[in-house]
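For reference, the structure discussed in these notes is given below.
Just so it is clear, none of the values below were taken in a lab; they were calculated from the coordinates. Just so you know, these numbers come straight off a predicted model, no measurement behind them. Glycine also receives a Cβ, built like all others from the backbone with ideal geometry; neighbour counts cover every protein chain displayed.
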């Protein structure tokens, strides 16, 4: 029995009875492809995928065999990197093999002659990305603006469990994307089409053969956008899932058809749940914990101990491949090693802790309708204390135990338990990115400025600032402290409260500068706000949602003392700007005290939501434009 079921999809269907079951020939290009100078439906593109076609079938051993054919046109010099090819594959246990690679670079020479240069097999290399993924990489020869690169390769997987999603869309625009899938006998597959409602897709099932054909054309490229979640959350694609298999004797095997099945399998897995029952020797840590009464303090001590003791090797994993005891002995491991070890020690201390499968924001959203563990990329610890959940990632050196890690904000996790696993929606709109900037500025008779600025960062602002400060102190200072139009001579820079994560991170900054002038006027810039150096929302169109992760609240107070040789000729106007839904607000207030010749400048910006949809982008873009226009307005000082 072959069974293919369509689940969902917001699409317009075009049913076509004619489709190619064989790939086109390598190097056979059309006049239209030769003449193409730009992509009509994505004019900013530096290169375009002319064709990506593939078909999947099975061999005598029921391996999944897929032949790919990709053709790319380099439109501009900036698109030359598209000729550097990387093909990821599943390397663990030799699950997948990539072979039969062949390619050609096609150029148009003098008198419109076609010149073809074959890909040299010696230029093909295989690299290891992590414990599960490898890459086949190669670069095409003789590539220039106007070149067409054309290549094919074969992927062979041990079984159909490795069937990947088919991506119609790419970072580059795609003119034609088509895929023909043949389902293995005695299997049941479901597929879900994730395509925008304003796009057309061809879907052609072939009853009785277990084959189905998909095609889309003229798909704009999906490039990275500011504050974007994982690209694959928005990419146009088909998702496949193996749901069942009929073996000999008609005994049907189900493959994780429910979250209960996922919970049971993970809890009993040697590389996952069994690790929680291992005995890890940590007498020094447990002696510290015994002295504490409050469960929150116990959790904090264990969490800090593990994240300081263990070194993360940079690998994301849901499992502890070699076991947590070996990782503990080596003081190093993957995210799976370290966080399963953390859960083990929390339980040993008498806390109610569970492993939680997570899909961090860069990895993509979890569709709760499909119980499929490959939707997750890592595991965290979840601790229950007095009906409150704490989410811990001991690979993170900067996130304290009482704050939800940024990487899982606005995502879905799955808590694995002995019984009754639990899906949880992870969000925290109560804790903000909060920052208060206090400035004292003296303007001297000769136009010299002496300034003292203090930035108090708390919540997610503290975490963000501390991490960037620890990575590169000089870069941090240059990126976060600026005043457009002023060349700063830094006299002092100091950061306080680095260790105590319950206090604000205080950044003290002193500088001198010379004001720009025009005639009798001096100009004092007033944008001393960290994080508002440039406007990230300049594009006219937006494909993805805007995910800040958390609400933001930023305020600025500036007290400006003027030399008696100057006075405020014209003050910036008071501004109050609030969006119709009241989720974004901007306020500016400027007052001038003639008696002591001082100016007080107050500014408040607040984003009450952490996520703004792509439909809300026009409003957000306009708000940001106005905010930056206001921030660019200087104080105008006139000589008496």
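Translational diffusion coefficient, Stokes-Einstein: compute it for region 384-442 using the Kirkwood radius over C-alpha pairs as Rh, at 4 °C and 1.567 mPa s, and state it as an integer in µm² s⁻¹.
On the way: Rh = 14.2 Å.
Answer, rounded: 91 µm²/s.
With the biggest extent put first, the Cα atoms of region 405-508 measure 74, 24, 23 Å across the principal axes. Extension gain for residue 625-residue 478 works out to 50.6 nm (0.36 nm per residue, less the C-alpha to C-alpha distance).
May I ask you to order 170-176, 488-494 by the average number of other C-beta atoms within 10 Å around their residues, highest value first? Intermediate values should be presented prior to the final figure.
On the way: 170-176: 21.4, 488-494: 12.6.
In descending order of packing, they fall as 170-176, 488-494.
For region 100-220, report the translational diffusion coefficient in µm²/s to the nearest whole number, using Stokes-Einstein at 10 °C, 1.306 mPa s, and a Kirkwood Rh over Cα pairs. If you can, show how the numbers build up before the last one.
Details: Rh = 17.9 Å.
Taking Rh from Cα pairs, D becomes 89 µm²/s.
When only C-alpha pairs under 8 Å and at least 6 residues apart count, what is the relative contact order of the chain, in percent? Could the numbers behind the result be given before it?
Numbers: 1406 pairs, mean separation 62.3, N = 640.
10 percent.
In terms of the Cα gyration tensor, with a ≥ b ≥ c the square roots of its eigenvalues, is region 433-639 rounded because a/c is under 1.5, prolate because a/b exceeds b/c, or oblate? Oblate is the answer for region 433-639, as a/c is 1.5 or above yet b/c matches or exceeds a/b.
Give the separation of the Cα centroids, region 560-588 to region 177-241, in Å. Value for the Cα centre distance between the two parts: 51 Å. For the chain, adding -39500 (n - 2.57) for each run of n ≥ 4 DSSP H residues and dividing by the number of residues yields -4500 deg cm²/dmol at 222 nm. Reported to the nearest whole Å, the Cα centre-to-centre distance from region 405-476 to region 264-278 is 36. Can you give me the angle between helix 617-631 and the longest principal axis of the chain, using Cα atoms only, in degrees from 0 to 90, rounded to the nearest 10? Between helix and principal axis, roughly 30 degrees. Each listed q (0.09, 0.10, 0.17 Å⁻¹) maps to a log10 I(q)/I(0) for region 2-250, found by the Debye formula over equal Cα scatterers with no solvent: -0.42, -0.52, -1.47.
Between region 593-618 and region 313-344, what is the C-alpha centre distance in whole Å? Taking the Cα centre of region 313-344 as reference, the centre of region 593-618 is 44 Å away.
Fully extended, how many nm does the chain gain between residue 259 and residue 374 (0.36 nm per residue separation, minus their Cα-Cα distance)?
Numbers: separation 115, 0.36 × 115 = 41.40 nm, distance 1.30 nm.
Length gained between residue 259 and residue 374: 40.1 nm.
Size of region 259-426 from its Cα atoms: along the principal axes, largest to smallest, the extents are 45, 33, 30 Å.
For region 165-217, the gyration tensor built on C-alpha atoms gives a prolate shape. Its axis ratio a/c (a ≥ b ≥ c) is at least 1.5, and a/b is the larger of a/b and b/c. How would the chain be classified by its alpha-carbon gyration tensor: rounded, prolate or oblate, with rounded meaning a/c under 1.5 and the a/b versus b/c comparison settling the rest? Verdict is oblate for the chain. Taking Cα atoms, how many degrees apart are the long axis of helix 460-471 and the longest axis of the chain, rounded to 10 and kept between 0 and 90? Here the helix axis deviates by roughly 80 degrees. Specify the angular offset, from 0 to 90 degrees and rounded to the nearest 10, of the alpha carbon long axis of helix 295-309 from the longest principal axis of the alpha carbons in the chain. That works out to roughly 70 degrees.
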